[in-house]
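Peer 1: Supplied in C-alpha cells, the structure appears directly below.
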Amino acid sequence: MTDHDRLALLACEHAALLACARATFAAIERQEIDPLGYLRDHLAQRGQLPAAGARPAQLLAVADRLALVEVAR
C-alpha cells in the first residue's frame, strides 16, 4: 500500500467517523431511542469500543499522546 493509498483510507475513515458523530447528534435532536447506536456500531465494527470501565479522561489522554508523537515527527 502506498502512502497515497494510506492517506486516502485515513480520509475515508475520518469521513465515516464524522458522519456517525453527526448522525448521533441528529438522533439526539430527534429523540431517537438509541442515538448512540450510530457511533457504537461504527466503533464496534472496527474493534474500537472502549473496555468496560474505561475512563473518558484516559481515552482522551491516549489520543493527546498520539497527536504529540505525530507532531514530533
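Peer 1: Near residue 32, within a Cβ-to-Cβ distance under 14 Å, what is the net charge of the other residues, with Lys and Arg +1 and Asp and Glu -1?
Peer 2: 0
Peer 1: Out of every Cα pair in the chain, what percent are spaced more than 21 Å from each other?
Peer 2: Cα-Cα pairs in the chain separated by more than 21 Å: 44 percent.
Peer 1: Between residue 26 and residue 48, with labels modelled 7 Å along Cα→Cβ, what's the label distance in nm to one decimal, could you check?
Peer 2: Each label point is offset 7 Å from its Cα along the Cβ direction, giving 1.9 nm.
Peer 1: Let me ask something else. Using the per-residue mean of other Cβ atoms lying within 10 Å as a proxy for protection, in what order, highest first, do the peptides 35-47, 51-63 fall?
Peer 2: Peptide ranking by packing, descending: 35-47, 51-63.
Peer 1: To continue, here is another question. Below 8 Å between Cα atoms, with a sequence gap of 6+, how large is the relative contact order for the chain in percent? Spell out each step's value before the answer.
Peer 2: Numbers: 20 pairs, mean separation 14.0, N = 73.
The value is 19 percent.
Peer 1: Based on DSSP H runs of at least 4 residues, each adding -39500 (n - 2.57), what is the mean residue ellipticity at 222 nm of the chain after dividing by all its residues, to the nearest 500 deg cm²/dmol?
Peer 2: Working: 3 runs with 53 residues, N = 73.
Mean residue ellipticity at 222 nm (helix-derived): -24500 deg cm²/dmol.
Peer 1: Tabulate in residue order the Karplus-calculated ³J(HN,Hα) for region 29-36, using 6.51 cos²θ - 1.76 cosθ + 1.60 with θ = phi - 60°, rounded to whole Hz; enter x for Gly and Pro.
Peer 2: Here the 3J(HN,Hα) series is 4, 8, 6, 5, 5, 10, x, 6 Hz.
Peer 1: Here's a follow-up. Calculate, for the chain, the solvent-accessible area per residue in square angstrom, rolling a 1.4 angstrom probe over the heavy atoms of the protein chains.
Peer 2: 88 Å²
Peer 1: So, one more: Rank 5, 64 by accessible area, highest first, at a 1.4 Å probe radius?
Peer 2: Numbers: 5 70, 64 100 Å².
From most exposed to least exposed: 64, 5.
Peer 1: A follow-up question, please. First compute the accessible area of region 6-72 with a 1.4 Å probe, then give the percent of it belonging to carbon and sulfur atoms.
Peer 2: Working: 3690 of 5650 Å².
Carbon and sulfur: 65 percent of the exposed surface of region 6-72.
Peer 1: Tell me which of 25, 12, 58 sits at the most positive position along the dipole axis of the chain, charges placed on C-beta atoms (Lys, Arg +1; Asp, Glu -1).
Peer 2: 58
The values are calculated or read from the model by the stated rules, or taken from the named source; none is laboratory data. If you're wondering where the values come from, they're calculated on a predicted model, not measured in any experiment. Every residue, glycine among them, receives a Cβ derived from its backbone with ideal geometry; neighbour counts consider all protein chains shown. For accessibility, only protein heavy atoms count, side chains too; no ligands or nucleic acids. Shrake-Rupley method; radii C 1.70, N 1.55, O 1.52, S 1.80 Å.
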